[in-house]
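The values are calculated or read from the model by the stated rules, or taken from the named source; none is laboratory data. All values derive from a computational prediction rather than experimental measurement. Glycine also receives a Cβ, built like all others from the backbone with ideal geometry; neighbour counts cover every protein chain displayed. Side chains are part of the model used for accessible areas, which takes the heavy atoms of the whole protein and leaves out ligands, DNA and RNA. Shrake-Rupley method; radii C 1.70, N 1.55, O 1.52, S 1.80 Å.
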Amino acid sequence: MKVLKFGETSVATAESRQIVREIIARESDGNAMIVVVATTDETNGKSLIEEIQPQAVGCDATDFMRTEEKDGKQALDIELTYQLMQEKWSDTYDLISTSSPLFIASSGNALDRDSGLPTDLGRGGTDYTAAIVAAALYASELQIWTDVDGFMTADPRVINNAYTIGELTYLEAMELSHFGAKVIYPPTIYPAFVKSIPIHIRNTFNAQAAGTVVKAQTCNDGKPIKGISSISHTSTINVTGLSMVGVIGVNQRIFTALANHRISVFMVAQASSESSTTIAVREQDAPTAARVLNDEFRNEIKAGSMFPMQVQNDLATIAIVGENMKHTPGISGKLFSTLGRSGISVSAYTQGAQETNISFIVRQSHLRKALSLLHDAFFLSEYKELNLFICGIGTVGSRLIDQIRTQQPLLQEQNRLKLNVVGIANSTRVIFNPDGIPLQNYKKLLDESTHPSTPAELCDAIDNMNLFNSVFVDCTASADISDLYSQLLQRNVNIFTANKIAASSPYKNYTHLKHTALHRGVKFLFETNVGAGLPIIGTINDLRNSGDRILRIEAILSGTLNYIFNALSATTPFSEAVRQAKEQGYSEPDPRIDLSGMDVVRKIVILTREAGYPVEPDDVALSPILPDNLFFGSLDNFWERLPQLDADFEQRRRALEAQGQSLRFVATMEEGRARVELRTIGHSHPFHNLQGSNNIVMLTTERYHDHPMLIQGYGAGADVTAAGVFANIISIANI
């Protein structure tokens, strides 16, 4: 025999009543059943029942639900209620109606109805009534038909990718129900648990959904937790004082005083020294609770042995629930490290000895972020999500966005990684969308945006969105944008940058950013600052982390300059080679930026620092390629004067060609001392035959001493730089 319970919305319209009729017909399948229907329409209630199932026998919950007085309150008389139900029904097909959404029963201990008065035991009564009927009649199953698909892994209004939990134990369902999951009234679970009756939560309006089955044992899906629940608008009250240490009965006084004023405490945390007890209550109860406790301990407060009650508002309580947590090491560590990396502090924490529930309190403003982080960290999410803010849509930024757009479906399908681009900024405008920006038409959206793109606007918007797994991607060359890094890292935002300014800024600032990232548990990656997509910085870090020591770095770090000196020939003078580099997109629009050598200076500074040596840009010895006068005046004047150098470069080229040598613009670091210069390279040197715009780095270390390590490849261009940034982004998904 099954017991089916339908909520009030299930019989609200003719259409919904037709759905109920179809469900009853399908679920009966020759089996006896009792159906419990909730309705607030006392005068029309019976007609609704008869319309749904004409042969059904309607009755009222007060016919059999009996209460008795306990501690000044009405509580269900289980024994009498079961007796009345068992006398009323056998294996017959009946329909029960309750005349109110509240729990309605009848007081008195006599068997006849007229002896008692109507009583009210609170909300959720129809769920509870259905569970009592199922337990009294030893039903094979209790079905709760409601307006949701079942218990969810988290609140779907907060977590977009929350999904229905297929199975829960009675204990797991009770814990989730207690902490905010308003799927089923918590007392409903107990009668079914006692008789081992499965509870099946189903959606009346989505009958095809499998729903959630609550039963004694579930299949082990390997996940440490089943779901996350939360209570918003929490307050904590700290009861503190040295007089509490070792004193018996303090907690009894706390809870008795609150109980006498009908204030529910749903979480308790106590210091092992017994000097403080923290209780969590609903925010609306906090003023009364504080007043009651101040009054209870007024003598101790007056004597100075206890402090007045300390109330903290604007909090939220979160619980992670799952019986798989039992005896599983590292759950708490993972919980707190996950929250800590995103800058979320826990103000109170408790875990029961059953190890099925870890409850903790955070700021209300951090609730959404905390739920998203934990849903992701404990593998409840179908995909791992990264929320990207991309600043700069020039050649590198636009290529990066194109690569993300192209790879999004593949990453989601094969790597279970979802990349949400939630912010895009150019030099004048910015767009934000926490649900993700459609990348097919982001330029049009930017053109239509009315939000100015200023550093302050970017930082405030990112902070206000308060998204988990946030990544700021800097594809600019702006000092104003790099100045934001410290603030963003302090707010636990990861930073991946192609902008070389921060990593080559004063050493004090460089170390501050590195230490901030380390302290906050976030990433500050700038691999593409040197060699575009080549794994140069990562390799240096790996060598040092393995205990090796970098002794010498010798490198060609400018693809532009390497292209220019490779292009020199009897028919291609120096000025023409520079012009070709600009036309091919290798150089900056103003080639003097490349020809000054300062870009290479910044790069060798970065590599020297990553190798473990403190160095400032001014410490690098730079031998310029061009005379100083070519760096002054307009760009047009530069192009006019540049051919004046052709004869000297051609003479030098011929002489070197005759000796089997070549010109290379080389950066060198040895024991922390760096220099950048135009050098003559012999034919036996690894740099001699470096083609096109390639980069090359030769690392001499304590381990790679006699045979230095070479890293060589294409080191310039928007595509490879964007790909390098993209690789950094993907790498964080594996953390």
Looking only at the stretch 254-280, and only at residues there that are surrounded by 15 or more Cβ atoms within 10 Å (Cβ to Cβ) and touching a Leu at 6+ places or on another chain (Cβ under 9 Å), the one that is modelled with the lowest pLDDT: SER275
Counted residues, the stretch 393-447 - those being out of contact with any strand residue (DSSP E or B) (no Cβ under 9 Å at 6 or more places or on another chain) and within 16 Å of VAL471 (Cβ to Cβ): 2
Leading residue by the ranking (nearest to the chain's Cα centre (by Cα)) among those in the stretch 305-326 that are open to solvent by 50 Å² or more (accessible area, probe 1.4 Å) and farther than 22 Å from SER229 by Cβ: VAL311
Condition broken by GLY211, with the remaining ones in (1) in contact with a His (Cβ under 9 Å, 6 or more places away or on another chain); (2) free of Cβ contacts under 8 Å to residues at least 40 places away in the same chain satisfied: (2)
Residue match in the stretch 726-733 (condition: out of contact with any Pro (no Cβ under 6 Å at 6 or more places or on another chain), aromatic (Phe, Trp, Tyr), in contact (Cβ under 8 Å) with a residue 60 or more places away in the chain and surrounded by 19 or more Cβ atoms within 10 Å (Cβ to Cβ)): yes
Residue match in the stretch 680-690 (condition: in contact with a helix residue (DSSP H, G or I) (Cβ under 7 Å, 6 or more places away or on another chain), outside any helix (DSSP H, G or I) and within 13 Å of GLU554 (Cα to Cα)): no
Any hit, the stretch 478-489, residues being aliphatic (A, V, I, L, M) and under 21 Å from VAL720 (Cα atoms): no
Pairs where the first residue, in the stretch 141-165, is without any contact (Cβ under 8 Å) to a residue 40 or more places away in the chain and the second is buried (at least 20 other Cβ atoms within 10 Å of the Cβ) and assigned to a loop (DSSP other than H, G, I, E, B), C-beta under 9 Å, 6+ apart: PRO156/VAL148; PRO156/ALA162
The one condition in (1) among the aliphatic types (A, V, I, L, M); (2) open to solvent by 60 Å² or more (accessible area, probe 1.4 Å); (3) touching a residue at least 24 places away in the same chain (Cβ under 8 Å) that VAL600 fails to fulfil: (2)
Close pairs from the stretch 387-410: first over 25 Å from LYS369 (Cα atoms) and among the hydroxyl-bearing types (Ser, Thr, Tyr), partner in a helix (DSSP H, G or I) and at pLDDT below 95, Cβ under 6 Å, at least 6 apart: THR395/ALA718
Any chance GLY352 is more than 26 Å from GLN252 (Cβ to Cβ), open to solvent by less than 50 Å² (accessible area, probe 1.4 Å) and not hydroxyl-bearing (Ser, Thr, Tyr): no
Residues (charged (D, E, K, R) and under 27 Å from ILE495 (Cβ atoms)) located in the stretch 688-735: ASP719
Only listed residue being touching a residue at least 24 places away in the same chain (Cβ under 8 Å) and not in a helix (DSSP H, G or I), chosen from SER575, SER587: SER587
From ASN509, ASN469, residue being in contact with a Leu (Cβ under 6 Å, 6 or more places away or on another chain) and open to solvent by 20 Å² or more (accessible area, probe 1.4 Å): ASN469
Single unsatisfied condition, LYS182 versus (1) touching a residue at least 40 places away in the same chain (Cβ under 8 Å); (2) closer than 19 Å to SER359 by Cα: (1)
Residue in the stretch 606-618 that is surrounded by fewer than 22 Cβ atoms within 10 Å (Cβ to Cβ) and over 40 Å from the mean Cα position of the chain (by Cα) present: yes
Candidate set from the stretch 127-152 (those that are modelled with pLDDT under 90 and not hydrophobic (A, V, I, L, M, F, W, C)); member that is most open to solvent (accessible area, probe 1.4 Å): TYR138
The stretch 628-652 residues that are modelled with pLDDT under 95, paired with ones that are open to solvent by 40 Å² or more (accessible area, probe 1.4 Å) and assigned to a helix (DSSP H, G or I) (beta carbon under 7 Å, 6 or more apart): LEU630/ARG641
All positions within the stretch 684-721 that are of a type in the set (Ser, Thr, Tyr) and either at pLDDT below 90 or farther than 24 Å from GLY547 by Cα (or both): SER684, SER693, TYR714, THR721
Whichever residue in the stretch 77-95 is open to solvent by less than 20 Å² (accessible area, probe 1.4 Å) and at pLDDT below 80 and, among such residues, is nearest to VAL194 (Cα to Cα): TRP89
Residue within the stretch 649-667 that is in contact with a strand residue (DSSP E or B) (Cβ under 6 Å, 6 or more places away or on another chain), open to solvent by 40 Å² or more (accessible area, probe 1.4 Å) and not in a strand (DSSP E or B) present: yes
Criterion violated by ASP594 - all others in (1) under 23 Å from LEU710 (Cα atoms); (2) crowded, with 22+ Cβ neighbours inside 10 Å satisfied: (1)
Single condition SER272 does not satisfy, out of (1) in contact (Cβ under 8 Å) with a residue 12 or more places away in the chain; (2) within 29 Å of LEU335 (Cα to Cα): (1)
Residue tally, condition open to solvent by less than 20 Å² (accessible area, probe 1.4 Å), more than 25 Å from GLN364 (Cβ to Cβ) and either small (Gly, Ala, Ser) or touching a residue at least 40 places away in the same chain (Cβ under 8 Å) (or both), over the stretch 476-496: 3
Filter pass, VAL213 being in a strand (DSSP E or B), open to solvent by 30 Å² or more (accessible area, probe 1.4 Å) and of a type in the set (A, V, I, L, M): yes
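Yes/no matrix, rows are residues, columns are (1) modelled with pLDDT under 80; (2) assigned to a strand (DSSP E or B); (3) out of contact with any Asp or Glu (no Cβ under 8 Å at 6 or more places or on another chain); (4) open to solvent by less than 20 Å² (accessible area, probe 1.4 Å):
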{"site": "LEU4", "(1), (2), (3), (4)": "no, yes, no, yes"}
{"site": "SER16", "(1), (2), (3), (4)": "no, no, yes, yes"}
{"site": "VAL20", "(1), (2), (3), (4)": "no, no, yes, yes"}
{"site": "ILE23", "(1), (2), (3), (4)": "no, no, yes, yes"}
{"site": "VAL36", "(1), (2), (3), (4)": "yes, yes, yes, yes"}
{"site": "THR40", "(1), (2), (3), (4)": "yes, no, no, no"}
{"site": "SER47", "(1), (2), (3), (4)": "yes, no, yes, no"}
{"site": "GLN55", "(1), (2), (3), (4)": "yes, no, yes, no"}
{"site": "THR62", "(1), (2), (3), (4)": "yes, no, yes, yes"}
Sole exception among (1) in contact (Cβ under 8 Å) with a residue 60 or more places away in the chain; (2) open to solvent by 20 Å² or more (accessible area, probe 1.4 Å); (3) in contact with a Gly (Cβ under 8 Å, 6 or more places away or on another chain) for ALA570, by number: (3)
From ASN294, ASN313, residue being part of a strand (DSSP E or B), polar (S, T, N, Q) and farther than 30 Å from ALA216 by Cβ: ASN313
Residue within the stretch 454-467 that is free of Cβ contacts under 8 Å to residues at least 40 places away in the same chain, within 24 Å of THR528 (Cα to Cα) and among the hydrophobic types (A, V, I, L, M, F, W, C) present: yes
